[in-house]
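J.: Okay, here's the structure, questions in a sec.
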Amino acid sequence: MRTELATRPAESADAQPAVALTRHWRTPIMFGLFGLLALVVFGILPDGGRASTFGLSLTDDAIQLAPISVPSKLAATLLALVCLGIAAYAAWQTYLGRRVPLWLSITFGVAFVLSFLTWAVAGSEISLTSALQGTLALSVPLIFGALCGMMGERTGVINIAIEGQLLAGAFLSGVAASLVGNVWVGLIAAPLAGLAVAWVLAVFTVRYFVNQIIVGVVLNVLVIGVTNFLYSRLLSPLKDTWNSPGRFPRLKIPVLSEIPVIGPVLFHQTIIVYIMYVVVVLAHIALFRTRWGLRVRAVGEHPEAADTAGIGVNTVRFRNVLLGGALAGLGGAYFTLGAVGLFSPEMTAGAGFIALAAMIMGRWTPIGAVFAALLFGFANNLQSVLGIIGSPIPSEFMLMAPYLLTIFAVAGLVGRIRPPAFNGQPYIKS
Amino acid sequence: MKLQLRGITKRFGSLVANDRIDLTVEQGEIHCLLGENGAGKSTLMNVIYGLLQPDDGEILVDGKRITCNNPADAMAVGIGMVHQHFMLVPVFTVAENVMLGAEQTYGPGFLDVDAARHRVREISERYGFHVDPDAIVENLPVGVQQRVEIIKALVRDAHVLILDEPTAVLTPQETDELIEIMRQLKANGTSIVFITHKLREVRAIADRITVIRLGKVVGEPDVSASESELASLMVGRAVTLAVAKDPPDVGDVVVDVRGMTVVDERDHVVVDDVSFDVKSGEILAVAGVQGNGQTELTEAIMGLQQRATGSVLLHGVELLGKSVRSVLRAGVGFVPEDRRVDGLVGDFTVAENLVLDRHDEPPFASGPMLKPAVVRRSAKDRIAEFDIRAGSGATLAKTLSGGNQQKVVIARELSRPLRALVAAQPTRGLDVGSIEFVHRRLIAERDKGTAVLIVSTELDEVSALADRVLVMYRGTVVGIVPGDTDRDVLGLMMAGVPPEEAAERARQHHTLVEGLATGQDGRE
């Protein structure tokens, strides 16, 4: 009788939800504002009578698709209306107390960007395929960088030194490939360079509990300084021996590369990009489906719980920072061996910091980071594409776009963002 | 399994936390470790569990000497521990938490979540835990989270289970459930070390009692020892368990809270339309299990919560929306819940801490300049008046013991004229002597005509101090009842049962702990 009495209140406690949720109007309001902006600027204000043409094939593609041509004003207006429709739907969902689903945000983004493109290319033509190719090219280092940041932050170590690790990877891969005369040697050297930078970070932050941000910033400055020095003393004057690494050839994957539009974008790439596909998938599976991933996440979310479950918190952190460094180093190789074919000073140009933003926007998941990085890559690529066709917007403004996007992302304007609970906090046993 | 400790000694610098402690836990026995806060109970358990290494002494399991360098070693020999602050990852599911560190895998390290789910269900059914393996831990009530912790230990084949202050976060009814669980575990041959400072629980469940004071074993009283015997053994002198106080001289309404609602940063409504008043010369105690919105309520009154709506009137003047500073200036004193974080600046001296809220006004300042001599003199008086054992006013606040730190906070708040005093958990973590002192000062403040609002999760404290009791559950007011309301009724109200129904139910049944303490349990 007594236990029966005792259990009743607790059971009722299980049944009802703990607390009511308040509604968040931020997302629908943002959608609405951007939708209106699209309607007015892209749809209503421009003159009618012009057409926007989008090329769907490259000249050497096996399957040739005819370019699509649409009346600019009408298409931009329709797409803007789609945006407003999504905003209204998001508002309705919010009113019902539900969260705005991710696919809705993605659809909104695509519709807004298409509306913008239709307006921007009015009266001329761009090739969608090459625009996407440019996007991917600019995204590759971002994706590697974001994975690097994620490896650290999932265990609670903030890695601001991604930039330095990318740059170190770019530098060493170039130098190693030049000296030996083999790009593959460069590819092996790149992760080692990132690893070396990460090792310094790990020793100071994980073993000696030095402030993670400070060490990261210092490492960035250090790598920039060292590579600039070596460039001006060795790579620049002795270019033939030190800075002529060559590039990886682009490999076509049979069948897949012949898919219209996306085939040549995704499957006519260098080995580094193919490695990236594998790494992203492996990282996602490993993080959420394996013992390793469970422990990594536990260490970042509640290190003490991990410790009392017999997991060496600082060992996991140390290893993951190193792993992240190796990944960033590999990403750095893309600059020299994948894209440019030689090293130039500070060639990473802030990619490490954008990668950090991509990681946040992708909510610390590999797949999410890929989409965020692609978005940044697209915005970045757009300014060069539009510069060529002479669009109505000043190219200086387009240069700002990726950074504006970054600020929006980091400020949490694209949904609520919850980092690992113990991110940035050293684990010191008493 | 039999666990023996021989001469365990653990020092932190000059402080001896454990001094040659001997302890034997027999197979299938519930061994209560009784001691005040700071007596060294948790240190001892952390030594057994491998979180700390002893400076001297040995641990034997079934007569064999073992060394635990980390929790993994302890688990390997069958020692499990449920920590006072749960070691659960809030964003993980129950199954993920249970398997963490002892994962079953297939192929190249893939998690076998099904196996973990199965294990959780199996243990959950065997002991009647009602735990869903796929629930996210942060959404579970505290009592259920605790059962998850117990499952975690059982999955690792724990034969000795250490429960560190397990009842601190539970309602009396949840405590009963826990005691029932402990009985079942014992029946299955598990030994339990039950750490507590609550005498009732000891008497309800213990097969054997060891009392620790200042790091030393001071006695192994018989389980039939009375509560006051246990208390005096624990404290080292005779203690009065009740506080003397006169009937209140209640005046006008001083603080009037209407429709207070607070939303936290996770968008949860933590205080939901709460209304009450506190009159001059009375103590209103807010009772409830920790985390039911009491903290946020006091913070909202003080102006520390950003997203608070409703109204807080002090003698008819609205306080909500004003700065903390103006609330303090209006004559509201505040003893925050966590003295080390919100009550004191640890790296400041005691003298500086005593004038934190008045450092910029006369007599402690003139224009932009502090007057250190005045601050020092005033500190000297306060230290004498409130019996703060601090050496001098120049001592750093962080070096004081918990009780003396709290005395500094209370001295600061009570040494200016107050209309109302808000005290959140004023005696948490204090030794019995300090508790007595704080209680006396609070009652003295009431008798001066101040409206006193106290938040407490300890029913003993509520019963001792309150003229009226407001019970909170999940952010709402369950009811406001007289201060002498029966413990059982309060306990049921703390679990969300409305006052009338709680009174009715309490009349029919007595809770287990209560019943056992008076020797009425017939099932043993």
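No value in this document is a laboratory result; all are computed from the given coordinates. Since the model is a prediction, treat every value here as computed from it, not as a measurement. Neighbour counts run over all protein chains shown; Cβ positions are idealised from the backbone, glycine included.
J.: Could you tell me how many degrees, from 0 to 90 and to the nearest 10, lie between the Cα long axis of helix B:372-385 and the main elongation axis, the longest principal axis, of the Cα atoms of chain B?
T.: So the helix axis and the longest Cα principal axis differ by about 60 degrees.
J.: Round to the nearest 10 and give me the degree value, 0 to 90, for the angle of helix B:113-127's Cα axis relative to the longest principal axis of chain B.
T.: The two axes meet at around 80 degrees.
J.: Once you have a ≥ b ≥ c as the square roots of the Cα gyration tensor eigenvalues for region A:272-361, tell me rounded if a/c is under 1.5, and otherwise prolate or oblate according to whether a/b is larger than b/c.
T.: Because a/c hits 1.5 or more and a/b exceeds b/c, region A:272-361 counts as prolate.
J.: Right, next: Could you list, in their original order, any pairs among A:Lys429/B:Lys371; A:Lys429/B:Lys64; B:Lys279/B:Lys398; B:Lys41/B:Lys186 whose Cα atoms are separated by more than 32 Å?
T.: A:Lys429/B:Lys371; B:Lys279/B:Lys398
J.: Hey, fewest Cβ within 10 Å first, where do A:Phe343, A:Phe267 land in order?
T.: If I rank by nearby Cβ atoms, fewest first, I get A:Phe267, A:Phe343.
J.: For region B:464-497, list residues with backbone N below 11 Å from a point placed 7 Å from the Cα of B:Val243 toward its Cβ?
T.: Residues passing the 11 Å test: B:464-467.
J.: Using a simple charge model, +1 on the beta-carbon of Lys and Arg, -1 on the beta-carbon of Asp and Glu, nothing else, what dipole does chain B show about its Cα centre, in debye to the nearest 20?
T.: In total the dipole reaches around 1740 debye.
J.: Follow-up question, since we're still on this one. Per residue of region B:458-467, what does 6.51 cos²θ - 1.76 cosθ + 1.60 with θ = phi - 60° give for ³J(HN,Hα)? Whole Hz please, x for Gly and Pro, Karplus curve as stated.
T.: 9, 4, 4, 5, 4, 4, 6, 9, 6, 8
J.: May I pose another question? Using amide H atoms built 1.01 Å from N in the peptide plane, name the residues 5+ places from B:Val82, or on other chains, whose amide H lies under 5 Å from its own.
T.: It is B:Ile162, B:Leu163, B:Asp164, by chain and number.
J.: State, as an integer percentage, the relative contact order of chain A based on alpha-carbon contacts under 8 Å between residues 6 or more apart.
T.: 23 percent
J.: Dipole magnitude of chain A about its Cα centre, charges +1 at Lys/Arg Cβ and -1 at Asp/Glu Cβ only, in debye to the nearest 20?
T.: 880 debye
J.: Given R₀ = 45 Å, FRET efficiency for A:Asn211-A:Leu404 by Cβ-Cβ distance, to 0.05?
T.: 0.95
J.: Let me ask something additional. Which one of A:Phe116, A:Phe204, A:Val370 has its Cα pushed farthest toward the positive end of the charge dipole of chain A, where Lys and Arg give +1 and Asp and Glu give -1 at the Cβ?
T.: Farthest towards the positive end: A:Phe204.
J.: Which three numbers, in whole Å and largest first, are the semi-axes of the equivalent ellipsoid of the protein assembly as shown derived from its Cα gyration tensor as √(5λ)?
T.: Whole-Å semi-axes of the equivalent ellipsoid: 58, 35, 29.
J.: If R₀ is 35 angstrom, what is the calculated FRET efficiency for the pair B:Glu500 and B:Glu361, using the beta carbon separation as r and rounding to 0.05?
T.: 0.10
J.: Classify chain B: rounded, prolate or oblate, from the alpha-carbon gyration tensor (a ≥ b ≥ c, eigenvalue square roots; a/c under 1.5 rounded; otherwise prolate if a/b is larger than b/c)?
T.: Prolate.
J.: Tell me the angle of helix B:432-447 to the major Cα principal axis of chain B, expressed in degrees between 0 and 90 and rounded to the nearest ten.
T.: Between the helix axis and the principal axis of chain B, the angle is about 30 degrees.
J.: Also, quick follow-up: Could you tell me what a quarter of the Cα convex hull surface of chain A works out to, in nm² with one decimal place?
T.: Average projection, Cα convex hull of chain A: 26.4 nm².
J.: Enter the mean number of other protein chain beta carbons within 10 Å of the beta carbon of each residue in A:289-298, as an integer.
T.: Partner Cβ neighbours, averaged per residue: 6.
J.: Let a ≥ b ≥ c be the square roots of the eigenvalues of the Cα gyration tensor of region A:164-274; is it rounded (a/c under 1.5), or, if not, prolate (a/b larger than b/c) or oblate?
T.: Here region A:164-274 falls in the oblate category.
J.: Give the calculated FRET efficiency between B:Arg416 and A:Ile44 to the nearest 0.05, with a Förster radius of 60 Å applied to their Cβ-Cβ distance.
T.: Here the calculated transfer efficiency is 0.40.
J.: So, one more: For the residue pair B:Arg376 and A:Leu65, what label-to-label distance in nm results when each label sits 7 Å from Cα along the Cα-to-beta-carbon direction?
T.: For the pair B:Arg376/A:Leu65, the computed spacing is 8.4 nm.
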